[in-house]
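Bear in mind that the values in this text are calculations on the coordinates, not laboratory data. It should be emphasised that the depicted structure is a prediction, and the values quoted were computed from it without experimental measurement. Note that each Cβ is placed from the backbone with ideal geometry, even for glycine, and that neighbours are counted across all protein chains shown.
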Amino acid sequence: MIKAVRGTRDLFGEELGYKRWIEAAAGQVLEAAGAQEIETPILEEAPVFEKGVGPTSDVVQKEMYAFTDRGGRRLVLRPEGTAGVMRAFLEHGMKVRPAPVKLYYRGPMFRAERPQKGRYRQFYQVGYEAVGLSEPAVDAEAIALLVDLMKALGLQRFVLKLGTVGDPEDRRRYNAYLREVLLPHREALSEDSRVRLERNPLRILDSKDRGDQEVLARAGVRPLFDFLSEAAKAHYRAVKGALKALGVAFEEDPRLVRGLDYYVRTAFEIHHPDLGAQAALGGGGRYDGLTALLGGPSLPGVGWAVGTDRVILALKAEAIPAPPGPAPLLYLVPLDAEAVVEALVLAESLRPRLPVELAYTPRKPGKGIREAERRGARYVGFLGEGERARGTISVKDLVTGEQQELPREKLGSWLEAL
RNA sequence: GUGAGCGUAGCUCAGCUGGUUAGAGCACCGGUCUGUGGAACCGGGGGUCAUGGGUUCAAGUCCCAUCGCUCACCCCA
């Protein structure tokens, strides 16, 4: 039997109900703040991410689905949303719009990782970007909107983590410092962290390895915050101040590290305690200068993405039900063979104004009622010999048990009047 | 990419130290019930026991390989 490829899933029923609900809620929350939806292609040229996300990031180095097309172009299935949106932003000259330009997107992303709980090779994100202003208030608003979305869905047990990763120069200084302090402890570090020491020492900070954390404590590593410029520190304080004014609760995490190279200054993540190892529902930060990496003018920006699949896990963990799927108002039951087409004609005359389903072979009434209940219909309509003779339909309310006989031409207006 | 656990009906699972026709519950279809309710009872359909090889008189059961799933590492949404 042919199955869906590893790490991909078929979405239907309850799962799809959750996804559509999350996307609709995001649209409402974000459009109320002036954001416009944008859909960019799933396929992009590889440099969009190599330059945008950063050549040293794991996402680009080992997680991209990449191939060469017939024209010799190197294409990739997008691994994240921001870089493509920024490419589109530049391509369409959106910088002439009043700043900040607020955009949101949703759709599938692809990463060639080993699947596990909350992690898939094709996964779905909803993301938000605000481009063109470096004001801390824009950061705070973006974060508030992310929290608004969580609240709009009824989620309660999430935690907002806030930190700052500084500007690129700050980070360069800090990375140099980390190499210097940790090099004497190199042998005590985990294998992974010894590699990080070369590539990206910052990542050692959020290592899950207990030994690594002991090394950090023993070496007396100073926090990144000490290495920030005054401007970056002031920015961080301003964001915190705005969040407090907004009443948005957050936990400061000085070791918050983001995996995509383009982040500067503000960084944040939303965590949920019941998701297993992949606890981040979403995250984001500021990415001033990303547009320059893509070959455009250097523009400030801030944004985030949430993993729809993980939000679904969180909703389930908090026992928040998916919205009900479609159900007919009326289920038509033909009682004899002649009534089948009558029922079909009647159903079509009521649609699409009213959702109506029917049985396609004659049924005994009791069975018809069971089927109607099974489909979630409120009313069941019987068409038999007597109804045909009188030009009527017998309509039974499955909640009250009341039944009445109506002229067929009155059925539509009667149902609509309910 | 690394590690561990697990693959028996659509779903959840049982199947003893290998033993003869592979089971249950739920779901589905039909009947009891020829124009009226979710119950109950009776019956029915549905399985290459993940795949391939091996051991054995005999393999769902033991061994090996492959594939897949799950969780964790890594990474991140």
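Go through A:278-289, A:403-414 and give me the packing order, highest mean Cβ count within 10 Å leading.
My ranking of the peptides, most packed first, is A:278-289, A:403-414.
I want the local charge near residue A:188. Using Cβ-Cβ distances under 12 Å, sum +1 for each Lys or Arg and -1 for each Asp or Glu among the other residues.
That sum, taken over residues with Cβ under 12 Å, equals -1.
Mind checking which lysines have their Cα closer than 18 Å to the Cα of residue A:208? Skip sequence neighbours fewer than 8 apart in that chain.
Candidates past the 8-residue exclusion: A:117, A:161.
What does the charge count around residue A:399 come to, taking other residues whose C-beta lies under 13 Å from its C-beta (Lys +1, Arg +1, Asp -1, Glu -1)?
-1
What's the FRET efficiency of residue A:63 with residue A:252 using the Cβ-Cβ distance as r and R₀ = 41 Å, to the nearest 0.05?
So the FRET efficiency works out to roughly 0.90.
Mark the label point 7 Å from the Cα of residue A:406 along Cα→Cβ and return the residues of the range A:354-382 whose backbone N is within less than 11 Å of it.
Once the point is set 7 Å along Cα→Cβ of residue A:406, A:379-381 turn out to lie under 11 Å by backbone N, inside the range A:354-382.
With a sphere of radius 13 Å drawn around the Cβ of residue A:289, what net charge do the other residues whose Cβ falls strictly inside it have (Lys, Arg +1; Asp, Glu -1)?
0
With all distinct Cα pairs included, what does the Kirkwood hydrodynamic radius of chain A come out to in Å, to one decimal, could you say?
24.9 Å
Can you work out the FRET efficiency for the pair residue A:28 and residue A:298, with r the C-beta to C-beta distance and R0 = 41 Å, to the nearest 0.05?
So, using R0 = 41 Å, E works out to roughly 0.80.
Toward the positive end of the charge dipole of chain A, about the Cα centre and with charges on Cβ (Lys, Arg +1; Asp, Glu -1), which of A:32, A:181, A:264 goes farthest?
A:181
How much length would be gained if the chain were fully extended between residue A:152 and residue A:370, taking 0.36 nm per residue of separation minus their Cα-Cα distance, in nm to one decimal?
74.9 nm
Which entries in A:19/A:316; A:95/A:233; A:19/A:62 show an alpha-carbon gap greater than 18 Å?
Check vs 18 Å cut-off fails for A:95/A:233; A:19/A:62.
Using 0.36 nm per residue, how much length does the chain from residue A:222 to residue A:45 gain when fully extended, once their Cα-Cα distance is taken away?
Separation in residues times 0.36 nm, less the Cα-Cα distance, equals 59.7 nm.
Which shape class applies to the range A:330-416: rounded if a/c is under 1.5, otherwise prolate when a/b exceeds b/c and oblate if not, where a ≥ b ≥ c are the square roots of the Cα gyration tensor eigenvalues?
Rounded shape, in that the Cα axes give a/c under 1.5.
Taking 41 Å as R0, compute the FRET efficiency from the Cβ-Cβ separation of residue A:230 and residue A:74 and round it to 0.05.
0.45
Put a dot 7 Å past each Cα toward the Cβ at residue A:172 and residue A:133; how far apart are the dots in nm?
About 3.0 nm, to one decimal.
Taking the Cα centroid of the range A:259-338 and of the range A:180-197, what is the distance between the two, rounded to the nearest whole Å?
Cα centroid of the range A:259-338 versus Cα centroid of the range A:180-197: 35 Å apart.
Could you name the lysines whose alpha carbon sits less than 27 Å from that of residue A:364, not counting residues in the same chain fewer than 8 places away?
Candidates past the 8-residue exclusion: A:396, A:410.
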